[in-house]
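In what follows, a structure is listed as structure tokens, so that the remarks can point back to it.
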Amino acid sequence: MPERIETLIQNLNKAIVGKSDSIRLVLVALFSGGHALLEDVPGVGKTLLAKSLAKCLDGRFQRIQCTPDLLPTDVTGTNIWNPSKGEFQFLPGPVFANILLADEINRATPRTQSALLEVMEEHQVTTDGISRPVPDPFFVIATQNPVEYQGTFPLPEAQMDRFALSFSLGYPSENEELRMIQKLGGDKGNYSSLQPCISLDEVMAIRAECAQVKLEASLEQYLLDLVRATRSHPDITLGVSPRGTVAFYRAIQALAYIEERSYAIPDDAKLLAPYVLAHRLIPLGNQQPRQLVSQLLAETPIP
């Protein structure tokens, strides 16, 4: 499996120039069984990263372009009348996919955003009292622009808590941007040249192997110390939930596995803490969540 992961990373690096760290983070979310939220300004490659990952996986990909007039049934599906059969028939929505891209998720209304709450946590959709499971694996990649607020609806805490990781891609360096424009006009290494390189069964097998990665007792305590510190910090109104604790644990296992280790180390927790914990915090006043997490990392003893 490590060879398959390396092939996947190499393919993604061909399409996404200079985003090795972001690629590794989105794979951590995928292999830990969580979901990923990409927050950044327009044009830095958020959607391209999601589409490239979907293309490299041999699974079904669906995209939701979130707008204020999007309805919950446009996401989950709805029952329609079938005259030939004389009964209602369920028409599945785009959530019935392996990779779901929710583009500009904060442009959808809170009612439509809430349509994703059940499926992201329980991997099922309930309509008219009937629960229908979505395909396995099921992975949501959502994007949003944190700068432009006009016509947007901030994600509620319950929605944010369902994303295992939240991170930004950032602007490329000068050399990376030069490589990007030099690739224009050809098809080698571009998105159009990507081919499936890992199957859905292999993704599920990798998830099962990630769950076997060992966290030593002192590292487990370190993880808990970081999480519980967010709940008692004077500058934090709302700390990390138990769901966040589980997501942190699973993400550490996935990162260690991607690094080809059967055990996790404190550096795994330190690297992932800003991406797993910060978006779950509600700071007091004008404090920045990332800065608060950095402060907690500096204050918490390392095993």
**Complete set of residues in the range 238-259 that are assigned to a helix (DSSP H, G or I), touching a residue at least 60 places away in the same chain (Cβ under 8 Å) and either buried (at least 23 other Cβ atoms within 10 Å of the Cβ) or out of contact with any Asp or Glu (no Cβ under 6 Å at 6 or more places or on another chain) (or both)** = 244, 247, 250, 251, 253, 254, 255, 257, 258
**Prompt:** Do we have any residue at all in the range 71-83 that's modelled with pLDDT of 90 or more, out of contact with any Leu (no Cβ under 7 Å at 6 or more places or on another chain), buried (at least 21 other Cβ atoms within 10 Å of the Cβ) and in a loop (DSSP other than H, G, I, E, B)?
**Reply:** no
**Request:** Please specify each residue of the range 120-143 satisfying the condition of being buried (at least 17 other Cβ atoms within 10 Å of the Cβ) and touching a Lys or Arg at 6+ places or on another chain (Cβ under 8 Å).
**Result:** 120, 125, 137, 143
**Message:** Quick check on the range 260-274. Is at least one of its residues crowded, with 21+ Cβ neighbours inside 10 Å and touching a strand residue (DSSP E or B) at 6+ places or on another chain (Cβ under 6 Å)?
**Reply:** no
**Request:** Scan the range 107-119 for residues that are buried (at least 24 other Cβ atoms within 10 Å of the Cβ) and within 17 Å of residue 150 (Cβ to Cβ) and jot them down.
**Result:** 108
**Asked** Within the range 45-59, can one find any residue that is closer than 19 Å to residue 201 by Cα and part of a loop (DSSP other than H, G, I, E, B)?
**Response** yes
**Asked** Scanning the range 182-218 for residues that are outside any loop (DSSP other than H, G, I, E, B) and at pLDDT below 80, which turns out farthest from residue 262 (Cα to Cα)?
**Response** 192
**Asked** Is the range 246-260 home to any residue that is assigned by TED's automatic domain parsing to the domain that holds residue 289, over 25 Å from residue 4 (Cβ atoms) and basic (Lys, Arg)?
**Response** no
**Message:** Given the criterion part of a strand (DSSP E or B), at pLDDT 90 or above, hydrophobic (A, V, I, L, M, F, W, C) and under 23 Å from residue 277 (Cα atoms), identify the matching residue among 117, 37, 27.
**Reply:** 37
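The values are calculated or read from the model by the stated rules, or taken from the named source; none is laboratory data. Source: prediction; values computed, not measured. Cβ: placed from backbone, ideal geometry, glycine included. Neighbour counts: every protein chain shown.
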